[in-house]
Amino acid sequence: MCGIVGYTGGQQAAPVLLSGLTRLEYRGYDSAGLAVRNGEADTVVVKAEGKLKNLSEKVDGGHALKGLCGIGHTRWATHGAANERNAHPHASADHNVIAVHNGIIENYVEIKEKLTHKGYEFSSDTDTEAVVNLIDYYYKKYKVGPIDAIAKTLVRVRGSYALAIMFKEYPGEIYVARKDSPMIIGTTGDETFVASDVPAILNYTRQVYYIGNLEMARLTPGHAEFYDLNGDIIEKPLTKIEWNAEAAEKQGYEHFMIKEIHEQPKAIEDTMKAYVKMGDDGLSTIDFSEAGLTKEILADVSQIHIVACGSASHVGYVAQYVIEDLARIPVRVEMASEFRYRKPILDPKGLVVVISQSGETADTLEGLREAKAQGIRTVAIVNVKGSSIAREADHVVYTYAGPEIAVATTKAYSCQLIASYLLAITCAETKGRLDAGQVSDLLMEMGTIPGKIQTILEDKERVQRFATGFAAMHDAFFIGRSIDYAICMEGSLKLKEVSYIHSEAYAAGELKHGTISLVEEGTLMIGVLTQSNVYEKTLSNMQEVKSRGGFLMGLTTAGNYTVEDTADVTFYVPKTDEHFAASLAVVPLQLLGYYSAVARGEDVDKPRNLAKSVTVE
Ligand code: F6R
């Protein structure tokens with residue numbers, strides 16, 4: 001949801017900013033802009049509508065802009081159309097203050113009105129321009145320095161922001177502020193960077209500071225000084241990023257999405273390695289001590305609410321079936337965007353589990369805060385270290401997917417599944433529903449998932465052929481029951497978000513209550529059948545569709561060959577414990593989405609209208 005980058009040091013800033021923005025383009029790509037300053041000279045602002053390459057062409061890859069200090073932005077429009085006028089950076093009329101912003105200023109209308117009365121004029125429709133002018137207003141009215149002017153502004157604005165700001169009277173310096181939008185600061189000793197996400201600066205440094213909520217910083221070449229809202233200096237530790245720049249490169253794959261699909265076996269292994277240990281008795285056990293999640297804590301849990309958005313909530317639906325079946329703890333899955341507004345009733349002995357790849361999703365973060373405000377214990381399953389959700393949750397179970405760049409999640413989803421199986425098994429053990437031997441057997445079976453995914457990937461051309469043949473379709477439906485229904489939700493989202501083919505996931509038994517009227521000759525219906533207790537039922541529902549002219553694709557477990565009597569085409573995944581079926585069945589569906597989008601010539605890694613990290617509500 002918008003990417004920001006800033007640089008001050010000894011190199012020409014514009015190429016550094018463009019290279020950083022390239023790695024942030026997944027966060028938004030409807031316009032982009034740079035502000036670069038050459039010493040004491042006036043700052044030059046250049047913007048372009050559309051993808052980053054338009055801006056890059058305009059400034060000759062950055063070589064047309066001279067200066068050692070600058071800020072850049074790639075936008076995902078919220079306020080104001082996606083055009084050059086609304087592209088960032090935004091400047092006060094006299095260019096005293098120039099800034100880039102990620103987030104939303106909720107009370108920008110009221111700020112704009114106030115400033116208009118004071119004589120300020122606005123040249124865009126954005127909320128950002130209101131903040132820029134407010135900083136300028138306080139700076140001049142109170143004749144204070146940048147930090148005090150920003151602090152006064154932050155007290156007035158409501159909403160979320162990561163701001164990088166340049167002041168006319170402070171050449172070579174960048175000021176930053178943050179609330180509920182991600183931002184990291186990197187340094188090499190004689191250069192300083194700011195960015196929305198780590199990949200933007202990994203080519204230059206792996207030493208970063210995490211700036212906290214309602215904190216500000218002054219960046220000079222090689223140095224970052226942090227302040228709280230009172231303007232008092234605060235100390236921050238430097239953290240070393242564990243992964244390197246190659247992890248955020250395509251490494252020969254055509255797209256990040258297909259690279260990340262292939263990285264799933266390794267990502268799952270890494271996530272399991274963090275929590276699964278071998279005991280002296282030769283039995284595998286789960287160790288959540290890294291998360292501070294003891295068996296005593298879990299033994300007492302009366303109910304679980306899983307709060308998440310999009311694919312992460314689809315993990316929640318799988319987890320619901322697995323936890324309820326194994327541990328017999330009631331689980332409710334909550335769409336984070338609805339959770340806090342319906343004033344949830346939470347049992348004091350309940351547990352709220354939030355799931356998020358980015359750790360910055362605004363709705364999920366607010367759901368977490370709602371739970372904390374009610375005094376409920378919270379667990380976060382998160383991929384990004386140091387993210388807001390990771391910092392605010394009581395317990396953090398990290399997934400080890402590494403950087404996920406494609407907008408459509410694949411490997412993070414798979415690792416979230418693993419983390420939730422581990423949670424389910426731990427809960428079941430603490431509730432006395434599984435003994436040590438059964439736990440070990442389940443963990444051994446989980447250990448086979450990476451190899452089985454590898455087998456599915458080796459046969460990816462078959463999915464590719466099918467996807468290419470069906471790429472011209474308008475609609476697709478996914479049906480399944482229980483865990484299969486949860487798999488359908490993710491399969492359907494993967495298909496529609498990257499290929500733009502309309503698709504819906506339905507609980508198989510529910511189809512005939514209305515939606516089946518959409519089935520006509522040739523409508524693609526994908527039936528997912530990995531759960532033996534509902535296999536025959538889903539098969540009957542597929543038969544109902546076939547009788548009405550639908551074209552049936554079956555996705556089932558090896559051995560279930562009777563599907564072929566009903567389905568027109570069938571894909572098989574290896575056998576596993578049925579609780580873990582989503583980990584395998586999702587892979588052909590990820591491939592289906594990917595190859596359909598490729599066949600249609602869509603921009604797979606950056607689907608239209610989307611952004612990777614949704615930091616606005
Ligand atoms: C879909 C997708 C989204 C995210 C959702 C939550 O492919 O990636 O639906 O799952 O926006 O994002 P995180 O996990 O970062 O909270």
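A compact table of results
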| quantity | calculated |
| --- | --- |
| Ranked packing of 74-85, 416-427, most packed first, by mean Cβ within 10 Å | 416-427, 74-85 |
| Sum of side-chain charges, N54 neighbourhood, beta-carbon under 13 Å (Lys, Arg +1; Asp, Glu -1) | -1 |
| Pair D325, T188: separation of 7 Å Cα→Cβ label points (nm) | 5.2 nm |
| Inter-part distance where the stretch 404-429 and the stretch 597-615 are each reduced to a Cα centre, Å | 22 Å |
| Linear extension gain, K575 paired with Y170, 0.36 nm per residue minus alpha-carbon span | 139.4 nm |
| Cα gyration tensor shape for the stretch 70-178, rounded if a/c is under 1.5, else prolate or oblate | rounded |
| Positive minus negative residues near A412 (Lys, Arg vs Asp, Glu; Cβ under 9 Å) | -1 |
| Cα centre as origin, Lys/Arg/Asp/Glu Cβ charges: the stretch 233-323 dipole, Debye | 200 debye |
| Nearest-0.05 FRET efficiency for K141 and N213, computed from C-beta distance (R0 25 Å) | 0.45 |
| Prolate/oblate/rounded label for the chain (Cα gyration tensor, a/c 1.5) | prolate |
| Cα centroid separation, the stretch 48-100 to the stretch 277-316 (Å) | 44 Å |
| Calculated FRET value between N203 and T116, using beta carbons and R₀ = 45 Å, to 0.05 | 0.60 |
| Ordering of 141-152, 6-17 by packing [mean C-beta count within 10 Å, highest first] | 6-17, 141-152 |
| Radius 15 Å from Cβ of G522, net charge of other residues (Lys, Arg +1; Asp, Glu -1) | -2 |
| Lysines with Cα under 20 Å of K58, excluding same-chain neighbours fewer than 8 positions away | K47, K66 |
| The stretch 568-617, dipole about Cα centre (Lys/Arg Cβ +1, Asp/Glu Cβ -1), debye to the nearest 20 | 160 debye |
| Cα-based shape type of the stretch 1-128, given that a ≥ b ≥ c are square roots of the gyration tensor eigenvalues and the cut on a/c is 1.5 | oblate |
| FRET efficiency for E564 and E106, using Cβ-Cβ distance with R0 set to 35 Å, rounded to 0.05 | 0.05 |
| Cross-link table K575/K612; K168/K240; K496/K546; K112/K141, entries beyond 26 Å C-alpha to C-alpha | K575/K612; K168/K240 |
| Extension gain (nm, one decimal) between M335 and D475, 0.36 nm per residue minus Cα-Cα | 47.9 nm |
| Dipole-positive endmost among I98, T126, L68 within the stretch 50-146 (Cβ charges, Cα centre) | L68 |
| Sorted peptide list for 434-443, 213-222, 278-287, criterion being average Cβ within 10 angstrom, highest first | 213-222, 434-443, 278-287 |
| The stretch 445-510-the stretch 561-583 distance, computed between alpha-carbon centres (Å) | 12 Å |
| Additional length obtainable on full extension of the chain from A93 to E445, 0.36 nm per residue less Cα span | 120.3 nm |
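All of the numbers you see were taken from the coordinates with simple rules; none came from a lab. Because the structure is predicted, anything quoted here is derived from the model rather than measured. Using ideal geometry, Cβ is built from the backbone for each residue, glycine included, and neighbour counts are taken over all protein chains shown.
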